[in-house]
Amino acid sequence: MTTAVREPATGAPRAASTASWFSDGWITTRRNLIKIKRVPDILVFTTLQPIMFVLLFSYVYAGSIDIPGSDYKEFIMAGIFAQTVVFGSTYSGSAMAQDLKEGIIDRFRTLPMSPSAVLVGRTNGDLLINGISMLVMIATGLVVGWRVRSSPLEAIAAIALLLLFAYAFSWVMAFIGMSVRSPEVINNVSFLVLFPLTFISNAFVPSENLPTPLRVFAEYNPVSALVQAARELFGNVPPQTPVPDTWTQQNPVLTVLIGIVVLLSVFVPLSIRKFSQISSR
């Protein structure tokens, strides 16, 4: 039995059901996919950036950083994967801020649709972009000499874990995007949040090489757990690598899964509530 939900903007009754929620989510997701098709620059620059990072670290820094028992190209690829998908999640924030500025959200709130559908469509769009970026990075990595040393199933698990973490982080950025006053601000906020998470980690250098305060931060950094999990699942951890002292680095996959659940549990309801507040103005 369905119940009638009255939209605050229109007063029109609407049947609340799981089917209608999925339908609304798909419509807004399709809207964002069509936007990518009409503005291909988004996809072009999103795929060029990971290629640039792979080539930069593989040929510029590979000869300067020594990884005992391993090739730097294999060490760095998990870090580039993590950095790219985490930075790719910022598009949710900038797109939400842009939609607010252009009045698109005002149009959505007049429609008989679930308030969360706009956010679902936005984060789903980011998930697709990150998925394409992952394929491009994998192809580029294979060209420069990176190899997967594990089973195909473990490699798929690594890709899924990276994309799930990026999807959860998209909800964080969507919330921030609705909390700032202009699209220009979201880029600065994203940089302040993501720069320390990605660069003060084990993504580009072993965390044990960092000064003590930075090493402690890196060891408990969720991005470090993501990178370590990806390295283990891709089979890119050198055999003689010492066992980490921290629980998060000893159990990186479980740490990342817990982090994904926490991020979604906190920021999905926060984002939906924030969107409802904005829509009711």
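Is at least one residue of region 25-47 closer than 30 Å to R231 by Cβ, free of Cβ contacts under 8 Å to residues at least 60 places away in the same chain, surrounded by fewer than 19 Cβ atoms within 10 Å (Cβ to Cβ) and not aliphatic (A, V, I, L, M)?
yes
Would you mind finding the one in F275, F199, F204 that is in contact (Cβ under 8 Å) with a residue 24 or more places away in the chain and more than 30 Å from P152 (Cβ to Cβ)?
Being in contact (Cβ under 8 Å) with a residue 24 or more places away in the chain and more than 30 Å from P152 (Cβ to Cβ) holds for just one of F275, F199, F204, which is F275.
Okay, residues lined up against (1) over 18 Å from T28 (Cα atoms); (2) without any contact (Cβ under 8 Å) to a residue 24 or more places away in the chain:
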| position | (1), (2) |
| --- | --- |
| I104 | no, yes |
| L119 | no, no |
| T123 | no, no |
| G141 | yes, no |
| S170 | no, no |
| S182 | yes, no |
| N187 | yes, no |
| L194 | yes, no |
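Is there a residue in region 103-112 that is in contact with a strand residue (DSSP E or B) (Cβ under 7 Å, 6 or more places away or on another chain), farther than 16 Å from W171 by Cα and surrounded by fewer than 20 Cβ atoms within 10 Å (Cβ to Cβ)?
yes
Pick out, from region 69-138, the helices (runs of 4 or more DSSP H) lying fully within it that include 2 or more residues that are within 11 Å of the chain's Cα centre (by Cα) and either among the hydrophobic types (A, V, I, L, M, F, W, C) or under 18 Å from N187 (Cα atoms) (or both). It would help to see each step written out before you state the result.
Working: elements: 72-88, 90-102, 104-108.
Result: 72-88, 90-102.
Computed from the coordinates by the stated procedures, all read-outs in this text should not be read as laboratory data. Computed from a predicted model, the values in this text were never measured in an experiment. All Cβ positions, glycine included, derive from the backbone under ideal geometry; neighbour counts span all protein chains shown.
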